[in-house]
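Undergrad: Below are the structure tokens for one structure; questions will follow.
Read the figures in this text as sums done on the coordinates, not as results from a lab. None of these values were measured; they are calculated from a predicted model. Note: ideal-geometry Cβ built from the backbone for every residue, glycine included; neighbour counts use all protein chains shown.
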Amino acid sequence: MSGKKNEPVTQAVRALRAAGIPFVGHPYDYLDGGGTAHSSRELGVEEHRVVKTLIMEDETGKPLIMLQHGDREVATGLLARALGVKRIQPCDPKTADRHSGYQVGGTSPFGTRHPMPVYAEASIADLPRIYINGGKRGFLVEIDPKPALALLQAQLVHAAA
């Protein structure tokens, strides 16, 4: 587990510790709008292994979490078909913050304010390690995706653009 003094103790960190899931924290210098390209450069890892946490909603406004590789986009039409809904779209930042309890740019799928269904690009489960937001801008956690996805009860989908 992580134990560096400069690492934040966020709701995500608390949720992972409570579940007994080992992780390594990686603080980095956050750049507003830098996204996964910036964080992957800062940490020296492939952008494909950096997983973004996207708060989205269906046509009725029901929120959901989509996990996608940093170097891929979500094909919302494919995702909507996989979920059996008419439309999926990203939430605006204020709505996303309200659903997750995190600030956009620091959104983690772990320890969210409100429970939401979680969907993940299927190929994320095939990676040996992923880097995913730890609940604060400038802080990713390195983790085995299998126990992480199990904790989230994530449904695997094919929705990469």
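Undergrad: Mind listing whichever residues of region 22-46 are surrounded by fewer than 18 Cβ atoms within 10 Å (Cβ to Cβ) and either aliphatic (A, V, I, L, M) or within 14 Å of the chain's Cα centre (by Cα) (or both)?
TA: Correct list: Val24, Leu31, Gly35, Ala37, Leu43.
Undergrad: Working only within region 51-63, note down all residues that are within 13 Å of Thr107 (Cα to Cα) and not polar (S, T, N, Q).
TA: Here is the first cut: in region 51-63, the residues within 13 Å of Thr107 (Cα to Cα) are 51-56.
Result: Val51, Lys52, Leu54, Ile55, Met56.
Undergrad: Suppose we filter region 137-159 for residues that are within 14 Å of Ala15 (Cα to Cα) and in contact with a Ser or Thr (Cβ under 8 Å, 6 or more places away or on another chain); how many remain?
TA: Residues in region 137-159 being within 14 Å of Ala15 (Cα to Cα) and in contact with a Ser or Thr (Cβ under 8 Å, 6 or more places away or on another chain): 1 in total.
Undergrad: On the basis of being in contact with a helix residue (DSSP H, G or I) (Cβ under 7 Å, 6 or more places away or on another chain) and β-branched (Val, Ile, Thr), does Thr95 make the cut? Reasoning before the result, please.
TA: Working: in contact with a helix residue (DSSP H, G or I) (Cβ under 7 Å, 6 or more places away or on another chain): no; β-branched (Val, Ile, Thr): yes.
Here the answer is no, as Thr95 does not meet what is asked.
Undergrad: Can you tell me which residues in region 72-103 are of a type in the set (A, V, I, L, M, F, W, C), touching a residue at least 60 places away in the same chain (Cβ under 8 Å) and outside any helix (DSSP H, G or I)?
TA: First, the residues of region 72-103 that are of a type in the set (A, V, I, L, M, F, W, C): 74-75, 78-80, 82-83, 85, 88, 91, 96.
Now drop any that are not touching a residue at least 60 places away in the same chain (Cβ under 8 Å), which leaves 74-75, 78-79, 82-83.
Those that are of a type in the set (A, V, I, L, M, F, W, C), touching a residue at least 60 places away in the same chain (Cβ under 8 Å) and outside any helix (DSSP H, G or I): Val74, Ala75.
Undergrad: Still on this model: Among the candidates Pro115, Pro128, single out the residue that is assigned to a loop (DSSP other than H, G, I, E, B), more than 23 Å from Leu31 (Cβ to Cβ) and without any contact (Cβ under 8 Å) to a residue 12 or more places away in the chain.
TA: Working: Pro128 fails: without any contact (Cβ under 8 Å) to a residue 12 or more places away in the chain.
Every option except Pro115 fails the conditions.
Okay, residues lined up against (1) among the hydroxyl-bearing types (Ser, Thr, Tyr); (2) not in a helix (DSSP H, G or I):
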| residue | (1), (2) |
| --- | --- |
| Asn6 | no, yes |
| Val9 | no, yes |
| Leu16 | no, no |
| Ala37 | no, no |
| Glu42 | no, no |
| Thr53 | yes, yes |
| Leu64 | no, yes |
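Undergrad: Do any residues in region 144-158 that are under 13 Å from Met116 (Cα atoms) have Cβ atoms under 8 Å from those of residues that are surrounded by 15 or more Cβ atoms within 10 Å (Cβ to Cβ) and of a type in the set (Ser, Thr, Tyr), where the two are at least six apart or on different chains, and which pairs are they?
TA: That search, which allows pairs on different chains as well, returns Ala154/Tyr119; Gln155/Tyr119.
Undergrad: Only one of Lys52, Lys86, Lys94 is more than 16 Å from the chain's Cα centre (by Cα) and closer than 25 Å to Leu156 by Cβ. Can you tell me which? Explain how you work it out, then say what you get.
TA: Working: Lys52 fails: more than 16 Å from the chain's Cα centre (by Cα); Lys94 fails: closer than 25 Å to Leu156 by Cβ.
Residue meeting the stated conditions: Lys86.
Undergrad: Pick from Leu79, Leu151: which is out of contact with any Asp or Glu (no Cβ under 9 Å at 6 or more places or on another chain) and either surrounded by 20 or more Cβ atoms within 10 Å (Cβ to Cβ) or among the acidic types (Asp, Glu) (or both)?
TA: Working: Leu151 fails: either surrounded by 20 or more Cβ atoms within 10 Å (Cβ to Cβ) or among the acidic types (Asp, Glu) (or both).
None of the others qualify; the one that does is Leu79.
Undergrad: In addition: Which residue, of Pro93, Pro117, Pro109, is touching a strand residue (DSSP E or B) at 6+ places or on another chain (Cβ under 6 Å) and either under 25 Å from Gly34 (Cα atoms) or crowded, with 18+ Cβ neighbours inside 10 Å (or both)?
TA: Values: Pro93 fails: touching a strand residue (DSSP E or B) at 6+ places or on another chain (Cβ under 6 Å); Pro117 fails: either under 25 Å from Gly34 (Cα atoms) or crowded, with 18+ Cβ neighbours inside 10 Å (or both).
Of the residues listed, the single one that is touching a strand residue (DSSP E or B) at 6+ places or on another chain (Cβ under 6 Å) and either under 25 Å from Gly34 (Cα atoms) or crowded, with 18+ Cβ neighbours inside 10 Å (or both) is Pro109.
Undergrad: A further question follows. What tally of residues in region 70-90 results from selecting those that are out of contact with any strand residue (DSSP E or B) (no Cβ under 6 Å at 6 or more places or on another chain) and closer than 18 Å to Ala161 by Cβ? Break it down stepwise before answering.
TA: First, pick out the residues of region 70-90 that are out of contact with any strand residue (DSSP E or B) (no Cβ under 6 Å at 6 or more places or on another chain): 71, 73, 75, 77-78, 81, 83-84, 86-87, 89.
Now drop any that are not closer than 18 Å to Ala161 by Cβ, which leaves 71, 73, 75, 77-78, 81, 83, 87, 89.
Residues in region 70-90 being out of contact with any strand residue (DSSP E or B) (no Cβ under 6 Å at 6 or more places or on another chain) and closer than 18 Å to Ala161 by Cβ: 9 in total.
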